[in-house]
Amino acid sequence: MFKKILVANRGEIAVRIIRACTELGIKSVAIHSKADEDAMHVKMADESICIGGNLSKDSYLNIPAIITAAELTAAEAIHPGYGFLSENARFVSILEDHDITFIGPKSEHIEIMGDKIKARETISKTGIPLVPGSKGDISNLNVLKKTALEIGYPIIIKAAAGGGGKGMKVVQDESSLLEQYELAKAEAKANFGNDQVYIEKFLENPKHIEFQIFADKYGNVIHLGERDCSMQRRHQKIIEEAPALNINSTAKKKVLKAITTAMKKIKYIGAGTVEMLYEKDKFYFIEMNTRLQVEHPITEMITGFDIVAEQIKVASGIKLEIKQEDITFRGHAIECRINAENSKSFQPSPGLISAYHTPGGPGVRIDSAAFDQYRVLPYYDSLIGKLIVHANNRELAISKMLRALNEFIIEGIDTTLDLHKEIISSKEFKAYNYDIKWLEEYLAKK
Ligand code: ADP
């Protein structure tokens, strides 16, 4: 097992990883930007090191500074969390050259799955169904028109290197196809430095259902069930729950078998998430994330499987002790992502938290790096914490979530707490009657 791990992240996920290290008896090293000097992850780690300026490119994305920090502190491994360098194949191959263990899969896995066109190609050979779409990238207007007609409108144009719900364009008919295509390419180039795009059938009313998989270095692959992440705004998740309800059990069994076989075939290592859309009893692959997900706690709550601790163990070469048949699913878990944003305008709201009180009681978990008098910085993601509840069934989880949201006090800045109260109390959420479009439509009607 490792003696010391460097955590190449900040905020709630850095805190989550440091907690896992401490429980495993591993020393942790925090890295931080100048502005993050007093951040919680810095205070909680055994050692800390300032690696640059406030902008992410100068600190949390600064590969030479991070590697120097690992060497100076003699950290044997790096946990990347999510975002930042977690899906950067170049970073991982540099670490491989420096004999520093990356807590995650190999660079080749990241390379295949990070490029969504390559991922579609790989997945299409495994028996996992894809959303109908183009074969490769679309660089020719004639091919674009022809493929869109074959697939049938509406279609969605997506960036090969896309992420975070950015750069996707929905096209209703041919009249706006070229314009949207040019826009999508320009946005892809500006956001991801790669203008390759592809198209998919735009599904009208799907649910976003994703499967958590986990593998060790010895070919053992298990799954930890699914999460329903359909509560979205601008293609970004807001609330997640596990398990998903009303899923066709034959379709689920089939897709899980295909996923685990595929992961064995590509010799995947560590935690991964296969994201699918689900409509009319059918699953369609959209992408695979080769890292820890923001919403991993709901899976931990219903399985008792500590995903972060297991990631660390597997990366150090320990065999998975647990088998598929040992995984049991208990009760229902919900997570609300609390952002420093206005609940109505969604304007970011950085600034000083002047009062902070967290809910508690049985079945309530908070993953956050915020505290009283903490200043939310404008440089980074607006997620300030995740409120997670677990109860014996969905109905009880909903009332627990509402109770916990009402106990949560965050003053001085705007947060999405009010939006969550509204969604969780809505009759559609209570009736489990929502898909990926529901929230946008609900907000538009207000
Ligand atoms: P990103 O990597 O940017 O998060 P994804 O491919 O994971 O992009 O898609 C994010 C969300 O966008 C999905 O959860 C879904 O809401 C929507 N989406 C993506 N592809 C489609 C599609 N073919 N039809 C309808 N909605 C889609």
Only listed residue being free of Cβ contacts under 8 Å to residues at least 24 places away in the same chain, farther than 29 Å from THR303 by Cα and of a type in the set (D, E, K, R), chosen from GLU204, GLU182, GLU174
GLU182
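For residues that are in a loop (DSSP other than H, G, I, E, B), touching a helix residue (DSSP H, G or I) at 6+ places or on another chain (Cβ under 7 Å) and surrounded by fewer than 21 Cβ atoms within 10 Å (Cβ to Cβ), tally how many sit in region 359-379.
Restricting attention to region 359-379, the residues satisfying the condition of being in a loop (DSSP other than H, G, I, E, B) are 359-363, 369-374, 377-379.
With the extra rule that they be touching a helix residue (DSSP H, G or I) at 6+ places or on another chain (Cβ under 7 Å), the set shrinks to 359, 363, 369, 371, 377, 379.
Going one step further and asking which of them are surrounded by fewer than 21 Cβ atoms within 10 Å (Cβ to Cβ), we end up with 359, 363, 371, 377, 379.
Final tally of qualifying residues: 5.
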Just one listed residue, out of LYS201, LYS185, is more than 10 Å from the ligand (Cβ to nearest atom) and surrounded by 13 or more Cβ atoms within 10 Å (Cβ to Cβ), and it is LYS185
Keeping to region 208-217, report how many residues are near the ligand (Cβ under 9 Å from one of its atoms) and surrounded by 23 or more Cβ atoms within 10 Å (Cβ to Cβ).
1
Between a residue in region 69-98 that is without any contact (Cβ under 8 Å) to a residue 24 or more places away in the chain and any residue that is not in a helix (DSSP H, G or I), which pairs come within a Cβ distance under 6 Å, given they are 6 or more apart or on different chains?
VAL92/PHE102
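So in region 218-241, with the set limited to residues that are more than 28 Å from ILE322 (Cβ to Cβ) and part of a strand (DSSP E or B), which one is farthest from the ligand (Cβ to nearest atom)? Please lay out each step first, then the result.
To start, the set of residues in region 218-241 that are more than 28 Å from ILE322 (Cβ to Cβ) comprises 230-236, 238-239.
Within this subset, residues satisfying the condition of being part of a strand (DSSP E or B) are 230-233, 236, 238-239.
Details: SER230: 8, MET231: 10, GLN232: 5, ARG233: 10, GLN236: 7, ILE238: 11, ILE239: 13 Å.
Among residues in region 218-241 that are more than 28 Å from ILE322 (Cβ to Cβ) and part of a strand (DSSP E or B), the one farthest from the ligand (Cβ to nearest atom) is ILE239.
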How about region 334-358: which of its residues are assigned to a strand (DSSP E or B) and either among the aromatic types (Phe, Trp, Tyr) or out of contact with any Lys or Arg (no Cβ under 9 Å at 6 or more places or on another chain) (or both)?
ASN339, GLU341, PRO348, ALA355, TYR356, HIS357
Restricting the search to region 149-182, which residues are more than 14 Å from the ligand (Cβ to nearest atom), touching a strand residue (DSSP E or B) at 6+ places or on another chain (Cβ under 7 Å) and of a type in the set (A, V, I, L, M)?
LEU177
Looking at LYS313, is it more than 16 Å from the ligand (Cβ to nearest atom), closer than 28 Å to LEU439 by Cα, out of contact with any strand residue (DSSP E or B) (no Cβ under 8 Å at 6 or more places or on another chain) and not assigned by TED's automatic domain parsing to the domain that holds GLY83?
no
Does GLU204 meet the test of being part of a helix (DSSP H, G or I) and modelled with pLDDT under 95?
no
Of the conditions (1) within 17 Å of ASN9 (Cβ to Cβ); (2) free of Cβ contacts under 8 Å to residues at least 24 places away in the same chain, GLU111 clears all except one; give me its number.
(1)
Which of (1) of a type in the set (D, E, K, R); (2) touching a Gly at 6+ places or on another chain (Cβ under 9 Å); (3) outside any loop (DSSP other than H, G, I, E, B) does LYS386 not meet, given it meets every other one?
(2)
Near pairs, Cβ below 8 angstrom, 6+ apart or cross-chain, from region 44-55 (surrounded by fewer than 18 Cβ atoms within 10 Å (Cβ to Cβ)) to any residue that is among the polar types (S, T, N, Q)
ASP46/SER28; GLU47/SER28; GLU47/THR73; CYS50/SER33; GLY53/SER33; GLY53/SER59; ASN54/SER33; LEU55/SER33
Only one of (1) within 9 Å of the ligand (Cβ to nearest atom); (2) closer than 20 Å to ILE334 by Cα; (3) part of a loop (DSSP other than H, G, I, E, B) does not apply to ALA244, and that is (1)
Elements of type helices (runs of 4 or more DSSP H) in region 32-109, at least 2 residues being farther than 23 Å from GLY351 by Cβ
63-73, 89-97
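Please find, within region 110-149, the residue that is surrounded by the fewest Cβ atoms within 10 Å (Cβ to Cβ) out of those that are in a loop (DSSP other than H, G, I, E, B) and in contact with a Leu (Cβ under 8 Å, 6 or more places away or on another chain). Steps first, please.
First, pick out the residues of region 110-149 that are in a loop (DSSP other than H, G, I, E, B): 115, 125-129, 131-132, 134-140.
Restricting the remaining residues to those that are in contact with a Leu (Cβ under 8 Å, 6 or more places away or on another chain) gives 131, 138.
Values: VAL131: 21, ILE138: 24.
Selected residue: VAL131.
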Based on what the data block shows, is SER354 surrounded by 15 or more Cβ atoms within 10 Å (Cβ to Cβ), hydroxyl-bearing (Ser, Thr, Tyr) and assigned by TED's automatic domain parsing to the domain that holds ILE298?
no
Can you find a residue in region 293-312 that is modelled with pLDDT of 95 or more and in a strand (DSSP E or B)?
no
One residue is enough: does region 261-272 have a residue meeting the conditions more than 16 Å from the ligand (Cβ to nearest atom), small (Gly, Ala, Ser), closer than 30 Å to ILE312 by Cβ and surrounded by 23 or more Cβ atoms within 10 Å (Cβ to Cβ)?
yes
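The values are calculated or read from the model by the stated rules, or taken from the named source; none is laboratory data. It should be emphasised that the depicted structure is a prediction, and the values quoted were computed from it without experimental measurement. FYI the Cβ positions are ideal-geometry reconstructions off the backbone, even for glycines, and counts take in every protein chain you see.
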